[in-house]
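A.B. asks: Next up is a structure, given as structure tokens.
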Amino acid sequence: MLARKSIIPEEFSLPGLASRIHRKPVFRDRVNKARFIAKSGSCNLAHKNIREQGRFLQDVFTTLVDLKWRFTLVIFTMTFLCSWLLFAMCWWLVAFAHGDLVPNRTSGIEQCVTNVKSFTSAFLFSIEVQVTIGFGHRMITEQCPTAIAVLIFQNIAGLIINAIMLGCIFMKTAQSHRRAETLIFSRNAVIAVRNNRLCFMTRVGDLRKSMIIGAAVRLQVVRKTTTPEGEVIPIHQIDVQTESAAASNSIFLLAPLIICHTINKESPLYDLSAMELQCSDLEVIVILEGVVETTGITTQARTSYVTEEIQWGHRFVPIVTEEDGVYSVDYSKFGNTVKVATPRCSARELDEKPSILIQTLQKSELSHQNSLRKRNSMRRNNSMRNGGGSSGTMRRNNSALTVPKVQFLTPEAVGQNLAVT
């Protein structure tokens with residue numbers, strides 16, 4: 001039996017219409033992955049299965065400085081207690097060998113250390129010798145050369161322990177990352193058009209009046225890549241050039257600055273559009289290095305931006321103003337941004353079709369004109385309701401809100417303008 005032929009032609013059926021509809025590319029959802037650098041600057045990295053643990057003991061001072069405060073204080077206390085106990089045992093042995101601990105001692109023989117009759121008194125004398133308290137009740141005599149040698153060794157050992165422990169405490173209190181607490185970054189990064197090019201921008205600032213000498217900013221893009229040979233690189237670090245790196249690698253961080261990276265052919269962001277950026281798994285790391293003016297110690301501040309923290313089509317608001325002959329910085333607006341007209345395409349498409357930027361700017365100008373016209377009409381209607389008494393004021397307001405004219409360029413004029421720029 002033959003199949004019944006449909007009354008609706010095949011080209012107008014549902015499968016036929018669906019096949020002719022232009023479908024937009026569907027991007028996969030971004031898989032949430034761990035960030036390499038936290039917002040605070042700490043590295044999100046765990047070291048496991050380290051077999052050669054003895055390498056840390058070869059650099060004891062750095063190991064002590066890197067330890068947490070609770071472990072450092074425990075080691076600090078136990079070092080002094082152990083040294084006091086060790087030399088207390090030495091003094092007790094000296095007194096025992098000389099016969100000073102005998103209860104019925106002959107009165108004519110002088111003791112090595114006066115008034116050391118037990119281990120407790122030897123422990124107290126050890127503390128007096130090492131910390132140079134010198135109460136005067138116990139003292140060494142010239143009867144025992146061994147006691148004199150022990151006194152010399154304890155003084156030398158006490159000086160070494162004091163130098164190491166005090167130096168460790170000083171280095172922990174004066175670590176470079178303490179100064180980095182007052183070096184701040186904007187919460188979000190932005191991508192907008194600057195000088196007719198797409199640019200990645202972030203803002204850095206210093207809260208202290210003491211400056212960072214020779215401050216330098218580096219940008220790196222961290223992403224997972226696969227080589228043509230099939231090798232998977234989980235953390236591929238790509239250096240990104242900034243505007244300041246073109247002439248010199250240092251910045252004058254007197255006031256908050258906007259660090260700008262022009263997205264060109266050498267940039268890893270060159271082929272990413274706004275939609276593709278949200279679906280990618282890259283991470284932009286910002287590193288600020290410099291020498292602290294007051295201490296001369298090199299400090300480093302770090303932060304990172306994942307794709308959710310990169311705002312496409314935004315620009316940082318100005319925060320530096322001049323008031324009474326003095327420049328003032330409003331840090332309450334440090335991370336504030338505003339929306340600006342920005343093409344949603346990639347930088348490669350923008351270089352291949354420069355007219356996209358002109359069309360985007362024209363649409364933004366037209367929308368701005370429409371908003372001004374609506375505002376004028378609303379004010380005109382309100383003035384008509386209030387009466388004719390305020391007609392002069394309305395004329396002045398309308399003259400102040402005159403809509404500027406937009407010049408639409410032809411493709412030939414666009415090419416001439418681009419050649420001039």
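The values are calculated or read from the model by the stated rules, or taken from the named source; none is laboratory data. Keep in mind it's a predicted model, so treat the numbers as computed, not measured. Please note: Cβ atoms are built from the backbone with ideal geometry, for glycine as well, and neighbour counts cover all protein chains shown. For accessibility, only protein heavy atoms count, side chains too; no ligands or nucleic acids. Shrake-Rupley method; radii C 1.70, N 1.55, O 1.52, S 1.80 Å.
A.B. asks: Which members of segment 134-145 meet the condition of being open to solvent by less than 80 Å² (accessible area, probe 1.4 Å) and free of Cβ contacts under 8 Å to residues at least 24 places away in the same chain? Full working, then the answer.
C.D. replies: Here is the first cut: in segment 134-145, the ones open to solvent by less than 80 Å² (accessible area, probe 1.4 Å) are 134, 136, 138, 140-141, 144.
If the condition is that a residue be open to solvent by less than 80 Å² (accessible area, probe 1.4 Å) and free of Cβ contacts under 8 Å to residues at least 24 places away in the same chain, then GLY134, GLY136 are the ones that fit.
A.B. asks: Condition first: in a helix (DSSP H, G or I), surrounded by 11 or more Cβ atoms within 10 Å (Cβ to Cβ) and at pLDDT 75 or above. Can you find one or more residues in segment 390-406 that meet it?
C.D. replies: No, there is no match, as no residue in segment 390-406 is in a helix (DSSP H, G or I), surrounded by 11 or more Cβ atoms within 10 Å (Cβ to Cβ) and at pLDDT 75 or above.
A.B. asks: Pick out, from segment 146-250, the strands (runs of 3 or more DSSP E) lying fully within it that include 1 or more residues that are hydroxyl-bearing (Ser, Thr, Tyr), assigned by the TED database to the domain that holds THR307 and open to solvent by less than 40 Å² (accessible area, probe 1.4 Å). Walk me through how you get there before you give the answer.
C.D. replies: Working: elements: 183-185, 189-194, 197-206, 212-226, 232-240.
Passing ranges, in order: 197-206, 212-226.
A.B. asks: Give just the number: which of (1) at pLDDT 85 or above; (2) more than 16 Å from GLN143 (Cβ to Cβ); (3) open to solvent by 40 Å² or more (accessible area, probe 1.4 Å) does PRO103 not satisfy?
C.D. replies: (1)
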